[in-house]
Structures are given as structure tokens and as C-alpha cells.
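Below you'll find the structure, written out as C-alpha cells, and then a few comments.
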Amino acid sequence: MNWSELYWQRITPLHLLLWPVSLLFVLFQSIRRYLYRHEILTSIPLPVPVIVIDSITTASLVKTPLIIQIANMLRARGLRPGIIGHGYTDNYHPPMRVTIDSPLQLVGEKSLRLAYYLRETCPVWIGHDRIEVAKALLEAHKECNVLICNDGLQDLRLKRDFEAVIVDTSVINSGNGLIMPAGPLRDSFARLKHSNAIIQAGHQRQIPDIDEGIRIFYITPLKERFFNLLQPELTVSAAELANKRIHAIVCDPDTQNFLDNLKFMKLTVTSHIFSGNHHFIAKDFQFGEAEIILVPEEDAVKYLSLRDERIWVLQQEYRIDLGLREIILKKLREKFMDPKLLDILACPLCKGPLIYKKDRSELICKADRLAYPIRDGIPVMLEDEARRLPEEEEIK
Ligand code: ZN
């Protein structure tokens, strides 16, 4: 546990001193929201639909896995998502693409983790100004037709079509329930009524002050397994590791959680605890007899550059309420009803323009002679699903 978590768990005279600052912070956010709602300040729309997924608390362990799952779900439906974000707090960089080779210190752990999991299937871009980041991503990846913003709850300048807020009640439970800077909440719970959906992780506590009309979806841990850091397609279960010589590397502040998990899986490990900002070098991993080194998922990308094939990552998968998937797709269907949006879609193969044929519900690429279907209101931009145009079919 690091100092900030300890600090957020308690209420001390310092917290009481900071409490008026928290109230001012909430007031400031409410005024801004009012100005945007009444169009005194204007949100900037982007040419493709924007889905904002953010957490009401400053830290949420489920946000990154949830975004990965939503990106994969959109991909499976034939959409071409791209992910934008600020990166980390003191990021003043112009827009840049994050790849698995990006330096951790420059891009931050969360965006590197997204790039690591999604690889080529979904570009991840970060930068200081989310609008500029979105424009740069769309310019570089003309096939992208939906954006997921992995932060930006309070960045109302970014016009959003759908907003889901994660409420991790376990984090709130351990926190003091106050708003920044006195506590871990980034806004008041009243803010949630302006969102399209609330995603609750953990059932420990009822969320207060929510309008009846807002849908709450639950995210629950599914199964646990380990994958090899260098070859993520290789996976093992805890049972398969039972007789190996196992070491575990864990960084503050998640130490106990991770070690408890391993214990629960009946694994006997030698644990090594490092501080959260430790800069790892190969020497830290020189445990002569270790066959397996286990690390938690949220730290995994820190060890990529060490190229150590003994490192296995505990992957936690979550079950997402099917209803959440449905309301996201419903919103996207509404957006894709607009022929203007269909007009700007590009072919995922040649990145060239497409011709929208309303009568056949198809988007046609002249260069590749492919007709992409619009199925159930969603353009399916997958080569395997596209109809190959016969020689004699004329394209007008
Ligand atoms: Zn094409």
C-alpha cells in the first residue's frame, strides 16, 4: 500500500482542511457541466461515434480489462475501434501512437497495457489534447469508425455519444468516500446521472444518489489463468503450476491482493516485494532455481523489456453484463443511421473511400471489388464477411 492509498483511507485534520477545496472542486465541475449543457461552452464533435469509459475513482483495476473487452466486442461485430486517451497526468505531448515498444516512462502503464493486449487490432493513441489525439488517430487510421476514450470523464470539450462510468465499490470501501483532493473520488455521485450507464465492480455497497432511469451493469471476475508474457498465446492454469519452483514479483500498492490470490489458488511461492516506482533490471530476476515467475496483470508491461521467458502473468477476466453490450450497440446503430457517417467510412484493406448503396445495405470498395454488408444497422468491415463483386457487376 502506498502513501496515497493510506492517506485516502483515513480522515485526519488535513482531510478536514482539504474538504472545502473538494467542495469548490465539485462546484467548479458543476458550473462547467452547466455551461456545456446550455451550449455556452461548446463540445467539439468528431466525425465518428465516441464512447467514453472512465472511472469515478482515481484508481480502478477493472477499467483497462473492460476497455480491452469492449474493443474486442466491437471488433467482433465488424467495427474498427481506435482508443484515445490522455495517457497520464503530466502528459504534455503532442498526439502519439502507443505500441508495445513505446517506453513505459513516456506513455504510462495503462496505455502500454492496452497496446500490448490489442496489438494490431486496435490502435492506441495518447496526448495532451484528446481532440487533437482523436484527429491524429483518424488521419493515420482511416479505417477506424468508432473511438473509445479511456479517460476524459471531466473533459466535456470532447463530445461523446455514449458514456459509461465505472464505480469500483471495493476501492470506495477502502477509501474515505471523499472527493479529490481529500479523497479518491473524481466527482460527486450526482455526476453519474448525466452518464448513459454505470458499471459497478463489486457488490459491496449500494451507489447513492442515482436516478431511477440510469442502468447499472455489473462486472464480475470470471476465471483466472496465467499467460506467458513473451508468448501471450501460451496459457496455464494454477493446477498445472503446482509442482514448479515459483517466485512472485509484486509491487506496491497491490501486494496483498495478488499474494492472497495465489494462496487461494493453493500455489506455494517465494515472494519479492518492490516499491511501485522501482525501475526493474534483469538482476532483480536472478533467482537461480526459479522455473516460473508470477506477476500481476497491472504490472506486466513493466517487465516486457527484460525478455524473460519465465515470467507468467495472472490474467483476470471479467464477465460483462450482456445488457451493456446491447446498449452500446444500440447507440452505435442510431449513429450509423446517418448517411453522412456512412459516407466517411473507409475500406479497411486499401483505406480508400466506400460507396454507400442504401437499397442493398452495402458499402462498396471499387478498388478491391468488395461489398461490406450493413447488418443490423452496423457496418461489418471484415474482409471475410464482404461479398466479392462478380466481374459483370457494374459499380456506379
Ligand atoms: Zn478497398
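Go through region 9-41 residue by residue and tally those that are open to solvent by 80 Å² or more (accessible area, probe 1.4 Å) and basic (Lys, Arg). Qualifying residue count for the region: 2. Answer yes if at least one residue in region 74-86 is within 16 Å of the chain's Cα centre (by Cα) and surrounded by fewer than 20 Cβ atoms within 10 Å (Cβ to Cβ), and no otherwise. Checked against the condition, which is being within 16 Å of the chain's Cα centre (by Cα) and surrounded by fewer than 20 Cβ atoms within 10 Å (Cβ to Cβ), region 74-86 yields at least one hit.
Based on this model, can you work out whether GLU334 counts as open to solvent by 30 Å² or more (accessible area, probe 1.4 Å) and at pLDDT below 90? Here the answer is no, as GLU334 does not meet what is asked. Of all the criteria given as (1) surrounded by 19 or more Cβ atoms within 10 Å (Cβ to Cβ); (2) of a type in the set (D, E, K, R); (3) assigned to a loop (DSSP other than H, G, I, E, B), the one not satisfied by ASP54 is (3). Restricting the search to strands (runs of 3 or more DSSP E) fully inside region 246-312 and requiring at least 1 residues that are surrounded by 14 or more Cβ atoms within 10 Å (Cβ to Cβ) and aromatic (Phe, Trp, Tyr) gives 269-274.
Where helices (runs of 4 or more DSSP H) fall wholly inside region 108-210, the ranges with 2 or more residues that are modelled with pLDDT of 90 or more are 109-118, 130-140. A residue that is surrounded by 20 or more Cβ atoms within 10 Å (Cβ to Cβ) and at positive phi cannot be found anywhere in region 112-119. Go through region 229-240 and give me each residue that's surrounded by 14 or more Cβ atoms within 10 Å (Cβ to Cβ) and more than 23 Å from LYS302 (Cα to Cα). Answer for region 229-240, where residues must be surrounded by 14 or more Cβ atoms within 10 Å (Cβ to Cβ) and more than 23 Å from LYS302 (Cα to Cα): there is none.
The values are calculated or read from the model by the stated rules, or taken from the named source; none is laboratory data. Just so it is clear, the model here is predicted, and its values are computed rather than measured. Cβ: placed from backbone, ideal geometry, glycine included. Neighbour counts: every protein chain shown. Quick note on the areas: whole protein, heavy atoms, side chains included, nothing else; ligands and nucleic acids left out. Shrake-Rupley method; radii C 1.70, N 1.55, O 1.52, S 1.80 Å.
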